[in-house]
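Report on the following structure.
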Amino acid sequence: MSLNKAPKNHVFYRNQNWNYPKIEKGEGIYLFDEDGNKYIDGCSGSAVANIGHGNKEVAEFTKDHMERIAFTHLSRWTVDSIEKCAEKVAEWAPGDLNHVYFVSGGSESTETAVKMARQYFVERDGNKTTKWKVISKWNSFHGNTLGSLSMTGITGRRKIYDPMLINFPKIPQFYHYRNPWGCETIEESSIKAAEALEAEIIRQGPDNIAAFITEPVVGSAAPGVHPDKIYFKMVREICDKYDVLLIVDEVMAGFGRTGKKFAIEHFDIVPDIVTCAKGMSCGYTPMGAAIASEKIFNTIMVEGSGHFVHGHTYAGNPLSCGIAHKVIEIMEREGYVENAEKQGNYLMEKLQKLYEYPIVGQIRGKGLMIGIEFVKDQVTKEPFDTSVALKNKVMVNCLDKGLVIYPGGGSADGVRGDHILIAPPVNITAKEIDLLFDALEAGIKKTCEEVL
Ligand SMILES: Cc1ncc(COP(=O)(O)O)c(C=O)c1O
């Protein structure tokens, strides 16, 4: 697999130095390219294709729906598929998160949540409210549009756009492996990370803070990283104490990926707003949502103006809603959430063997959302220099073995730090996990031989 072949066509790709294999079809956990090569989609694109590729039931539903209706604008009309999808999403969402505001992707969902939080305080306290800032974290990802990038904490993605971003405050991530407090246990570092939120609210002034946003299990910024349960208990209490809304970003972790319907269920609290996308429609069509609690909905829509000052053309696209509803129905019927937990545990057990390879620093995750962080030294946790491009080496070596994984960087200090996300479709079988593991081990072994 060559890294240095510029594609010759009119597509403005993300990376001109990557030789993009042309995919002809997908089936279950597999992708097939035009040369007949077969790949295990070990990251579901980017934790998107949760029920796998080529689902006939989704395809038949789509054809039928398309023949009936092209598009209706949500400002004028409602459609059965939109109402049924909202009902199902509300049923899946924890607690009183009952009101589904549809969008078309993850960045739109996080920006929507922030605007919802701001309007909540305007409706409740009037235009005089000073609550607008959103606290977020380093080593986080909430999207690439300017508003969502303002919350994102991956410095590499922010750097060149910095002058254009909103100056939202950032606090440390619950990143036990590299916790800045020298804590020995995950419980201690989770407490410190939660205390950092309280300190920042006080520093900024609670009257200026509208919301705190966090992933429940971190995605591309530090894949698989999650806190002890105490973190979310404390964060919920802190948010309530200072009148700050809690937004949980489930764009990657939601809809079964971690072995629960929503990952926040692992932590037994209910946020004020949940954002989601990706696995919601499994990538068969773009989809996303911000799911609001009764308190938020009632304040804006029942007791307040009754009009959320927001909206996108494709918000509540009837086909996307129908597909998301179908995907969730399939997940429920086939027990894929439970399968994500079962196969995730099985894979995690097997992955422990990889610590034999001296470049493997930490393996962590929940369900089928697993991250592996690579280091130059397992004891000091020193990351590789960026010139080694370790994450790309692992990715290419795995691809050569027929496995697609999702590489990322910057986890150690914003610049250095290599990691991969493993997030296969949640309908994967134990036999397929074995194949995935063998290819992964071979890819990591080869990388080890190349760099050490
Ligand atoms: C946690 C999280 N939030 C937001 C986003 C942004 O989603 P999108 O790329 O659909 O805009 C992502 C994308 O990876 C994500 O993982």
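The values are calculated or read from the model by the stated rules, or taken from the named source; none is laboratory data. Just so we're clear, the structure is a prediction, and the values are computed from it rather than from any experiment. Cβ sites come from the backbone with ideal geometry, for glycine too, and all protein chains shown count toward neighbours.
Some notes on this structure:
- In segment 202-314, counting only strands (runs of 3 or more DSSP E) that sit wholly within it, the ones holding 3 or more residues that are over 30 Å from G417 (Cβ atoms) and either at pLDDT 95 or above or not hydroxyl-bearing (S, T, Y) (or both) span 288-293.
- Any hit, segment 322-329, residues being more than 17 Å from S81 (Cβ to Cβ), at pLDDT 95 or above and among the charged types (D, E, K, R): no
- Search result, residues across segment 317-376 that are farther than 23 Å from K260 by Cβ, without any contact (Cβ under 8 Å) to a residue 40 or more places away in the chain and either touching a helix residue (DSSP H, G or I) at 6+ places or on another chain (Cβ under 7 Å) or not acidic (D, E) (or both): Y355, V375, K376
- Which listed residue is within 16 Å of the ligand (Cβ to nearest atom), within 20 Å of the chain's Cα centre (by Cα) and charged (D, E, K, R), from D249, D272, D268: D249
- Residues located in segment 212-233, provided they are of a type in the set (A, V, I, L, M, F, W, C) and either in contact with a Cys (Cβ under 8 Å, 6 or more places away or on another chain) or surrounded by fewer than 20 Cβ atoms within 10 Å (Cβ to Cβ) (or both): F212, I230
- Test for G205: is it of a type in the set (G, A, S), within 16 Å of the ligand (Cβ to nearest atom) and over 17 Å from N139 (Cβ atoms): no
- Every residue from segment 187-196 that is in contact (Cβ under 8 Å) with a residue 24 or more places away in the chain and either surrounded by fewer than 24 Cβ atoms within 10 Å (Cβ to Cβ) or within 12 Å of the ligand (Cβ to nearest atom) (or both): E187, I191, A194, E195, A196
- Here H99 meets each of (1) away from the ligand (no atom under 16 Å from the Cβ); (2) within 23 Å of G283 (Cα to Cα); (3) surrounded by fewer than 22 Cβ atoms within 10 Å (Cβ to Cβ) with one exception, condition (3).
- Every residue from segment 318-341 that is among the basic types (K, R) and surrounded by fewer than 15 Cβ atoms within 10 Å (Cβ to Cβ): R333
- Meeting the requirement of 1 or more residues that are among the β-branched types (V, I, T) and surrounded by 18 or more Cβ atoms within 10 Å (Cβ to Cβ), the strands (runs of 3 or more DSSP E) wholly within segment 1-95 are 38-41.
- Lone unmet requirement of (1) within 16 Å of the ligand (Cβ to nearest atom); (2) closer than 21 Å to A194 by Cβ; (3) surrounded by fewer than 21 Cβ atoms within 10 Å (Cβ to Cβ); (4) not hydroxyl-bearing (S, T, Y) for A263: (3)
- Pairs with Cβ under 8 Å, 6+ apart, first in segment 140-157 and over 14 Å from T214 (Cβ atoms) and away from the ligand (no atom under 11 Å from the Cβ), second aromatic (F, W, Y) and part of a loop (DSSP other than H, G, I, E, B): S150/F168; T155/W138
- Subset tally (residues that are within 14 Å of T447 (Cβ to Cβ) and buried (at least 21 other Cβ atoms within 10 Å of the Cβ)) for segment 365-389: 5
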